[in-house]
Amino acid sequence: MLTATRSHAPSSLQWISLVTAAFLILPTCYIVYVALTAAPTVWSRLWSTRIPELLWNTLSLATGVAVTTLLLGVSLAWIIVRYEFPGRRIWEWALALPLAMPTYVLAYVYAHLLGLGGPVEHWWQTLMGPDARLLSPQGFVGVTLIMALDTFPFVYLLVRGALLNLNLSFEEVARVCGASQWAPLRRVTLPLIRPAVAAGLALVILYVISDFGAVSLLRYQTLTYAVYQQMTSRYDHTAASILSLLLVVMAIIFLVTERWFRQRSRFYQTSGRYRSATRRRAGPMGTAFLTSYVVVVFAAAFGIPAAMLIQWSIEAVSQGALDARFFGFIWNSSFLAALAACGAVIIGLPLAYLASCRPSRLNLACLQAAYAGYALPGPVAALAVLVLFTQFAPVLYGTVVVLLVAYIVHFLPVGLQSMEPALQQVTPNVEEVARTLGCTTRHTLRRVTLPLIRNGFIAAWVLMFLQTMKELPATLLLRPVGFDTLAIRVWLEASEEYYQLAAPAALLIVLLSLPALLLLVSKDWRGRAQEVVS
Amino acid sequence: MNGSAPHTQSGKTTATALEAMDIAGERSSVLELREVSCAYEPKRPAVEHITSTVHQGEILCLLGPSGCGKTTILRAIAGFERVTAGSIVLSGQLVSSPNVMVPTEERQIGMVFQEYALFPHLRVEKNIAFGLSHLSRTQQRAIVDDLLTLTGLRGLEQRYPHELSGGQQQRVALARALALRPVLLLLDEPFSNLDPDMASRMRQDLHALLRQTKTTAILVTHDHDEAFSMADRVAVLNRGRLEQFDTPEAIYHVPTTPFVADFVGQADFISGVVANDVVTTEIGDFPNTRHLATGTNVVVMIRPDDIHIVPTKGANAHILARQFKGSENVYTIQLPSGQVVHSSESSLSIYQTGTAIALRVVATHTVLFPQPLDATTTEQAGPAAASPP
């Protein structure tokens with residue numbers, strides 16, 4: 001029989017997303033609360049000593065890395081999408097490989113390569129004289145380069161996706177309107193890929209702000225590193241909270257700006273025929289130039305570090321590093337990462353769905369709340385989750401659950417970044433036609449919306465799996481006693497400069513990330529993604 | 001549907017109860033729109049006071065320029081838009097009113113969207129069978145088979161939507177909508193994404209198919225040729241209001257408003273004055289069908305196929321332009337007063353621009369409207385049709 005409905009009452013989905021958002025924002029609120037109720041003397045002490053230096057270090061590093069990844073990411077995506085040259089298909093996915101290389105792995109390899117008495121310095125001094133210094137991995141330029149080499153694939157992948165989905169007609173129209181050859185690039189193509197660039201840079205900057213692995217190994221004082229130091233060596237949770245508050249404020253300002261910017265330049269697919277741009281075939285000189293550019297970036301970000309890891313691993317294995325303990329670490333890492341990624345996709349779905357398909361003020365606010373977690377640096381997320389659990393669910397203290405919650409709070413934004421565009425592909429008509437065919441809202445979700453967004457969600461899962469595999473500070477602070485992961489082993493041994501001992505675990509993290517990464521950039525995946533939008 | 005009073009959770013007002021009794025008295029009407037208004041913004045209604053009825057097996061066309069609200073009506077019938085006033089009754093049951101909103105999936109309607117909205121992740125076969133998931137696999141198979149034959153899609157069942165041409169995509173959308181044997185099929189500009197040759201063939205096919213399956217359908221279009229060739233009755237809409245609701249022939253020959261007259265085909269409006277029992281105009285006298293008082297200023301609508309031209313030396317009117325349309329020549333003629341009329345001549349009658357001509361007017365379908373006349377608004381003009389003699 002027919003039933004009447006009212007569309008104004010909040011649906012159950014809406015309630016779920018509200019509760020999820022509250023749960024995700026709780027740790028952030030707790031940190032803010034602790035910081036704001038701190039004694040004024042603690043504040044003034046920090047303002048007069050640490051804060052100015054830490055702020056400057058953090059902001060300049062974020063800016064430096066953002067500019068570098070922008071240049072690297074956009075130029076590489078452009079080369080890969082618009083030019084045809086021998087080896088292009090290999091480079092196309094090879095350039096995503098640095099995503100499998102955690103910052104602390106890259107940092108520890110470069111600390112050795114560029115460090116005092118390292119091979120690069122040795123080579124430089126034979127060339128330039130015994131007192132020459134090329135660049136220190138502990139300085140601003142060194143840290144910036146290392147971080148940028150590790151994070152540029154975020155920009156590269158997102159911009160490449162946008163360029164592949166860009167309808168050529170836009171550029172042709174600009175040409176027909178009398179624009180010169182380069183004007184369409186500036187006036188049409190770049191504005192159209194701006195949302196992808198902004199989204200990629202958002203990922204990069206948040207990543208830099210909350211990175212702990214590289215800065216801790218390179219001893220570069222940023223806010224995040226300082227928070228960890230306050231917690232572990234001084235046990236000063238109040239000071240840690242105050243420093244965290246600064247981070248949270250910075251991140252929120254940035255997130256709001258980015259959102260606003262993306263809302264304004266939100267673009268839609270053209271209706272009718274979709275055509276992608278044809279690739280321009282590069283001549284011999286062009287090929288040499290393009291290939292050498294791509295090779296240099298790839299070698300620096302992945303090739304050389306991977307070669308070093310392999311060499312060290314062989315040495316370590318011959319010394320008997322592969323024992324039962326080692327296989328335990330492997331299981332711990334992959335188990336945690338898979339659980340966290342699944343949990344995050346399930347939790348992120350209602351948030352991203354409502355924000356994309358019913359973008360009311362409330363739903364957008366819920367989504368923003370979910371992004372707050374990424375702004376919490378690993379140590380802070382760990383601290384907040386830990387204190388909340390000891391307060392409300394002490395039974396779970398010291399279990400994997402606490403760790404999983406911290407992972408989800410921390411890494412959900414990475415997944416949301418790819419879930420949202422996927423959901424935006426679901427047009428209202430496709431959902432409406434399912435309704436005319438007798439589907440309820442729930443059936444429509446299961447039979448139409450979910451299959452359509454599947455690829456975007458696979459991408460989200462992969463990204464979150466990768467991030468969790470590499471996660472260091474929260475794991476350091478929250479792991480159950482004796483529950484070491486691969487990442488923990490790498491960091492512990494690299495801190496002591498046992499490069500060979502750290503290598504097998506580091507290499508394995510990289511290798512375990514590879515199949516997931518291949519999935520992300522494989523032809524099949526891209527083909528289906530295009531099929532859905534065209 | 002059982003034709004009893006509609007079961008609604010909020011049918012408490014007397015008005016609803018009365019409506020329900022009224023509805024139960026109607027037979028064979030599949031859809032009834034009663035004074036329906038919809039508004040996206042409270043102050044600016046998208047459609048207002050639309051009343052019409054669709055009978056079993058009938059094909060109705062909603063015709064109007066873009067932005068006239070025809071798609072809004074379709075979406076209100078489908079249950080995608082709320083009505084702000086009035087009610088929609090489907091198969092004798094109240095489905096939409098300001099406080100009743102039966103969800104789309106319970107309305108038993110089929111819909112073909114302008115962009116077809118095929119599910120990109122499903123093969124043709126699965127697209128068609130989408131709404132049949134409550135049936136067994138063999139039953140699904142049988143229905144899909146029938147529809148593949150009916151729509152001429154046999155052999156394409158394993159393709160994905162992006163591997164089909166526009167016409168094929170449209171037929172898949174149609175088959176998918178028909179699979180559930182909807183009580184009413186809604187088609188939103190179904191031919192607008194096809195090239196013209198293709199569209200006219202698809203029109204004939206669709207018409208035959210709807211007749212064959214005895215499907216009741218509402219088709220939205222901005223193309224009067226399409227409306228005339230498809231519809232049993234046409235509802236002409238302008239600015240959210242119903243201008244005229246009648247058979248295609250009546251709409252063309254006896255338009256009730258200047259808007260309709262102009263929209264459904266080329267029409268000229270010639271000013272005239274009532275004298276005795278005739279209307280005197282520059283191109284001749286017409287019967288005073290509205291029995292207006294002598295001295296009243298009126299305009300006469302006349303269509304190009306009622307005006308014929310004969311080249312005559314020394315005549316006052318002359319040819320301004322000729323437009324060759326293949327099957328006919330349309331001449332633009334300037335009268336001595338400066339007024340312009342059009343004439344449709346055979347494809348082979350070719351005269352030079354500037355030729356002096358005499359007019360022969362056959363007043364089979366002229367219509368009178370009182371002045372002043374504004375072809376785009378209709379408030380001033382009431383029903384003023386002159387019956388063909």
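The values are calculated or read from the model by the stated rules, or taken from the named source; none is laboratory data. Please read these numbers as outputs of a predicted model, since none were measured by experiment. Here the Cβ positions follow ideal geometry from the backbone for every residue, glycine too, while neighbour counts run over all protein chains shown.
Annotations for the structure displayed:
- A count restricted to the stretch B:205-228 and to residues that are of a type in the set (Gly, Ala, Ser) and at pLDDT below 90 stands at 0.
- Residues of the stretch A:435-444 satisfying the condition of being more than 7 Å from chain B (Cβ to nearest Cβ) and either of a type in the set (Val, Ile, Thr) or crowded, with 19+ Cβ neighbours inside 10 Å (or both): A:441, A:444
- Of the candidates A:386, A:364, the single residue that is of a type outside the set (Lys, Arg) and closer than 26 Å to residue A:482 by Cβ is A:386.
- Scope the stretch A:445-458; condition within 7 Å of chain B (Cβ to nearest Cβ) and either in contact with a Cys (Cβ under 6 Å, 6 or more places away or on another chain) or free of Cβ contacts under 8 Å to residues at least 40 places away in the same chain (or both); matching residues: A:448, A:451
- Checking the stated criteria, residue B:45 turns out not to satisfy the condition of being within 14 Å of another protein chain (Cβ to nearest Cβ), farther than 23 Å from residue A:430 by Cβ and either at pLDDT below 90 or surrounded by fewer than 20 Cβ atoms within 10 Å (Cβ to Cβ) (or both).
- Wholly within the stretch B:70-173, strands (runs of 3 or more DSSP E) carrying at least 1 residues that are at the interface with chain A (Cβ under 9 Å from one of its Cβ atoms) and either more than 18 Å from residue B:213 (Cα to Cα) or modelled with pLDDT of 90 or more (or both): B:93-97, B:109-112
- Filtered residue count, the stretch A:341-389, keeping only those that are of a type in the set (Phe, Trp, Tyr) and without any contact (Cβ under 8 Å) to a residue 60 or more places away in the chain: 1
- For residue B:290, the test of being surrounded by fewer than 21 Cβ atoms within 10 Å (Cβ to Cβ), of a type in the set (Lys, Arg) and either modelled with pLDDT of 90 or more or closer than 30 Å to residue B:115 by Cα (or both) is failed.
- Complete set of residues in the stretch B:189-215 that are closer than 30 Å to residue B:39 by Cβ and part of a helix (DSSP H, G or I): none
- Qualifying residue in the stretch B:177-189 (condition: touching a residue at least 12 places away in the same chain (Cβ under 8 Å), buried (at least 19 other Cβ atoms within 10 Å of the Cβ), under 21 Å from residue B:74 (Cα atoms) and away from chain A (no Cβ under 14 Å)): no
- Unique match (being assigned to a helix (DSSP H, G or I) and either in contact with a strand residue (DSSP E or B) (Cβ under 8 Å, 6 or more places away or on another chain) or touching a residue at least 24 places away in the same chain (Cβ under 8 Å) (or both)) among A:71, A:55: A:55
- Among residues of the stretch A:424-435, those that are touching a Ser or Thr at 6+ places or on another chain (Cβ under 6 Å) and either modelled with pLDDT of 80 or more or more than 23 Å from residue B:131 (Cα to Cα) (or both), counted: 4
- Selection status of residue B:202, of a type outside the set (Lys, Arg), in contact with a strand residue (DSSP E or B) (Cβ under 9 Å, 6 or more places away or on another chain) and more than 14 Å from every other protein chain (Cβ to nearest Cβ): no
A quick yes/no check of all residues on (1) closer than 30 Å to residue A:416 by Cα; (2) of a type in the set (A, V, I, L, M):
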| residue | (1), (2) |
| --- | --- |
| A:312 | no, no |
| A:322 | no, yes |
| A:328 | no, no |
| A:340 | yes, yes |
